Amino acid sequence: MSSFDFLMQGLGAALDPMLLLYALIGVTLGTMVGVLPGIGPALTVALLLPVTYGLDPAGSLIMFAGIYYGGMYGGSTTSILLNTPGESASIVTALEGNKMARRGRGGPALATAAIGSFVAGLIATLLLAFLAPHVVKLALVFGPRDYFALMVLAFVTVSAAFGDSTLRGLTSLFVGLALACIGIDQLTGQARLAWGVPDLLDGIEVTTLAVAMFAVGEALAIAGNHAGTDDEVIAVKGSVWMNRSDWKRSWVPWLRGTFIGFPIGSMPAGGADIASFLSYSTERKLAKSPGKEEFGHGAIEGVAGPEAANNAAAAGTLVPLLTLGLPTTATAAIMLAGFQQFGLQPGPLLFATNPGLVWSLIASLLIANLMLLVLNLPLIGLWVKLLSIPRPWLYAGILMFATLGTIGANPSAFELGLLLVFGIMGYAMRLFGYPIAPVVVGLILGPMAEQQLRRALSISQGDWTTLFQSGVSATLLALSAIALLLPLVLRAIGRGKALSQFGGDED
Amino acid sequence: MNGDDLRFQRRPDRAALVIALILAGLGGVLLFDAARLADVGGGYSGVGPASAPRVVGIGLVLLAIWTAVEAVLGKFPARPRQDPVPLFWIVGGLAFQLVTLKIAGFSIATGVMFAFTARAFGKRNLAFSIPVGIAASFLVWLVFAQLLMLSLPAGPLEHLFFPGVK
């Protein structure tokens with residue numbers, strides 16, 4: 001059977017009324033939470049994970065996919081109408097989008113963001129569907145050493161290649177890897193770093209860590225800052241519809257953004273923020289009159305391109321996640337945790353053992369995308385109201401849901417204590433400029449990398465050179481070395497500015 | 001940024017030195033635990049349960065040295081000035097919730113935490129915000145514990161409305 005047949009079967013399964021309802025609930029919740037200022041997609045999925053605990057795997061993952069896409073849509077609304085983007089991938093959207101809103105063109109800005117996200121989501125999800133079987137075939141010939149090398153590459157790109165300091169990126173990663181060592185060793189059953197505490201034997205929950213770092217850490221960081229004033233929400237005046245010239249100026253950037261975003265998202269090369277940044281600079285360079293003069297003052301191309309790139313990259317990150325089980329962003333790491341709560345391990349085997357689930361998940365991404373377009377354009381006024389929630393209630397609510405999720409997963413004082421400790425750690429890391437995503441990715445990917453390495457070394461009977469004897473792993477390790485060393489050199493000779501612009505603390 | 005900040009940057013950064021110490025300590029803990037596990041051995045791969053903690057521990061110690069060097073050179077970015085009072089309210093609220101969760105139940109413990117957090121962001125009237133917080137938490141408890149079957153500890157308030165729940 002071809003991808004197309006599988007996708008059609010998946011669509012058939014996803015059109016089940018119950019699953020449609022789950023998808024609808026997912027996109028609605030995702031948009032609602034994603035719109036809230038200060039909440040990016042990573043926190044959105046982490047906060048809403050408990051909502052899906054009670055469902056069966058298919059329903060839960062479909063709701064989860066809706067939450068993921070919904071959070072991405074919601075984030076763009078925040079950055080256009082409020083100059084404080086909820087997610088780093090939307091910072092670029094805020095550059096032009098917020099200017100457009102200030103000039104009374106908030107409606108078309110929101111429309112081009114929503115339609116651009118739809119177009120990009122549609123194309124990228126289809127690309128995902130057609131690409132996935134091929135990557136799976138490729139992945140089946142991957143041995144443990146190749147997986148290990150792939151994970152090393154993901155470690156480096158997520159921690160050291162971008163952002164403003166190799167030292168701080170690597171430190172975050174190693175803190176995550178250290179936390180990953182806690183618990184029972186998967187191969188020998190030895191308890192590591194548990195100190196006789198039974199709660200530690202299962203290791204640190206990814207969701208507890210992510211919620212603590214993103215929600216509690218963020219709340220503390222905002223509260224501790226002196227200049228904590230409310231930002232001004234810009235009212236949407238006039239029509240939300242785009243006129244003829246808006247369409248004409250938007251459609252090419254949408255497509256370009258999609259084809260910039262998807263490859264970046266699908267390679268372990270960093271998240272959506274890089275894609276949207278590249279798309280922005282491309283649009284800026286290629287813009288013709290009147291867009292050329294408008295750049296910096298609210299050019300619609302500068303919203304259309306990055307928003308499309310952002311969503312295409314988000315779909316792209318699902319390629320390594322679903323086909324290789326490799327999360328390359330904090331959001332993907334939490335989604336992986338969502339799979340694992342049902343004992344499902346994404347990867348080539350999941351396509352073989354549970355194709356129905358995988359394909360209805362991919363199909364429901366298409367459906368969620370369509371729902372989001374419908375939800376976002378006519379109902380935009382409703383979401384905008386969420387932006388004006390006063391900060392005290394907003395953060396009180398965020399912490400309520402953060403603790404709710406932790407208690408719901410494991411109703412113990414110990415787990416809440418971990419939430420508090422990691423929250424304070426997240427605050428300190430923000431204060432000192434450490435990125436957050438590498439900790440989360442290190443925690444979930446660390447044990448997987450360790451297992452692959454030990455398997456590889458068992459096969460080679462302890463011979464480390466085996467890692468360089470396969471073409472795939474040697475290439476990947478070489479790439480990792482370049483990704484680690486090149487930024488160090490660039491920063492040393494004073495060319496590191498562009499790198500720090502790519503660094504975000506989320507996604 | 002004013003002149004004071006710049007001068008502060010030139011001096012060894014004490015807070016960053018503390019970070020270096022913490023990282024070295026964390027690395028030491030990993031190495032200590034790895035030493036305890038070392039005799040288990042790694043079978044014929046030569047890599048056992050102690051190997052990964054040992055590698056990560058060595059990495060952390062090296063990063064601690066690197067951090068100390070950057071701290072002495074004053075290379076850490078300037079930090080925004082912090083107001084400690086709101087931080088204490090939030091941490092206090094979370095600590096209160098942690099301690100009282102089992103006795104007072106989800107709604108009361110979470111409601112107080114909610115009000116303390118709102119206090120940190122400027123809603124000072126606790127006589128108003130604590131009842132609001134408890135009411136909101138009770139609604140959340142209703143949805144998640146009764147509808148979505150999440151196990152959220154019940155206390156006196158929950159038992160008042162639902163005498164049967166655990």
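Below, the figures for the structure above:
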| item | result |
| --- | --- |
| Net charge dipole size for region A:350-507 [Lys, Arg +1 and Asp, Glu -1 on Cβ; Debye, nearest 20] | 380 debye |
| Within chain B, helix-based [θ] at 222 nm, where runs of 4 or more DSSP H residues each add -39,500 (n - 2.57), nearest 500 | -23000 deg cm²/dmol |
| Whole-Å distance, taken between Cα centres, linking region A:177-230 and region A:12-81 | 24 Å |
| Shielding by partners - mean other protein chain Cβ count within 10 Å, residues of B:151-161 | 1 |
| Placed amide H near A:Arg192: partners under 5 Å, 5+ positions off or other chain | A:Gly183, A:Ile184, A:Asp185 |
| B:Gln146 paired with A:Glu293, simple spin-label distance in nm, labels 7 Å along Cα-to-beta-carbon | 6.3 nm |
| FRET efficiency estimate (nearest 0.05) - Cβ-Cβ, A:Lys285 to A:Gln461, R0 60 angstrom | 0.65 |
| Rounded tilt (10° steps) of A:272-286 against the dominant C-alpha axis of chain A | 40 degrees |
| Shape of region B:84-161, Cα gyration tensor, a/c cut at 1.5 | prolate |
| Chain B: most fluctuating residue of B:Ala35, B:Ala71, B:Ala136 per GNM, C-alpha cutoff 10 Å | B:Ala35 |
| Residue-wise HN-Hα coupling along region A:395-405, computed from phi with Karplus coefficients 6.51, -1.76, 1.60 (Hz; x: Gly, Pro) | 6, 4, x, 4, 5, 4, 6, 4, 6, 4, x |
| Cβ-based net charge around A:Ile184, under 12 Å, with every Lys or Arg adding one and every Asp or Glu removing one | -1 |
| Cβ-placed point charges (K, R +1; D, E -1), dipole of region B:68-166 about Cα centre in debye, nearest 20 | 200 debye |
| Most mobile of B:Asp33, B:Asp83, B:Asp13 in a GNM of chain B (Cα contacts under 10 Å) | B:Asp33 |
| Selection from A:Ile62, A:Leu350, A:Leu95 lying farthest towards where the dipole of chain A points positive, charges on Cβ | A:Leu95 |
| Between 0 and 90°, nearest 10: helix A:301-316 axis offset from chain A longest Cα axis | 30 degrees |
| Overall form of region A:315-413 per C-alpha gyration tensor (a/c, 1.5; a/b vs b/c) | oblate |
| Extreme residue, positive dipole direction of the protein assembly as shown, given options B:Pro12, A:Ala114, B:Val69 (C-beta unit charges) | B:Pro12 |
| Debye intensity ratio in log₁₀ form over the Cα atoms of region A:8-95, taken at each q of 0.15, 0.24 Å⁻¹ | -0.54, -0.99 |
| On Cα atoms only, tilt of A:106-140 relative to the major axis of chain A in degrees | 30 degrees |
| Cα principal axis extents for chain B, largest first, Å | 61, 58, 22 |
| FRET E, pair A:Gln345, A:Ile389, Förster distance 41 Å, beta-carbon r, rounded to 0.05 | 0.60 |
| Phi to ³J(HN,Hα) by Karplus 6.51 cos²θ - 1.76 cosθ + 1.60 over region A:12-19, Hz, x for Gly, Pro | x, 5, 6, 7, 4, x, 5, 5 |
| Euclidean distance between Cα centres, region B:83-115 to region A:291-339, Å | 36 Å |
| Compactness of region A:92-156 as Cα Rg over 2.2 N^0.38 Å, two decimals | 1.82 |
| Cα lying deepest toward the dipole's positive end in the protein assembly as shown, options A:Leu187, B:Pro156, A:Ala46, charges on Cβ | A:Ala46 |
| Debye, to nearest 20: dipole size of the protein assembly as shown, +1 on Lys, Arg Cβ, -1 on Asp, Glu Cβ | 1360 debye |
| Other protein chain Cβ atoms within 10 Å, averaged over every residue that makes up B:112-123 | 6 |
| Mean ellipticity per residue at 222 nm, deg cm²/dmol - from DSSP H runs of n ≥ 4 across chain A, formula -39500 (n - 2.57) | -23000 deg cm²/dmol |
| Inter-probe distance in nm under a simple model that places probes 7 Å from Cα toward Cβ, at A:Arg244 and B:Phe32 | 7.6 nm |
| Fully extended contour minus Cα-Cα distance, from A:Leu379 to A:Asn354, at 0.36 nm per residue | 5.3 nm |
| Axial C-alpha extent at least 20 Å, average Kyte-Doolittle at least -1.0 - helices from chain B (DSSP) | B:14-37, B:51-72, B:84-120, B:126-141 |
| For the protein assembly as shown, average projected area of the Cα convex hull in nm² | 29.9 nm² |
| Inter-site label distance for A:Arg103 and A:Phe4 at 7 Å from Cα along Cβ, in nm | 4.4 nm |
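Any read-out appearing in this document is the output of simple, stated calculations on the displayed coordinates, not a laboratory observation. Model, not experiment: these values are computed from the prediction. Heads up, the Cβs are rebuilt from the backbone with ideal geometry, glycines too, and the neighbour counts pull from every protein chain shown.
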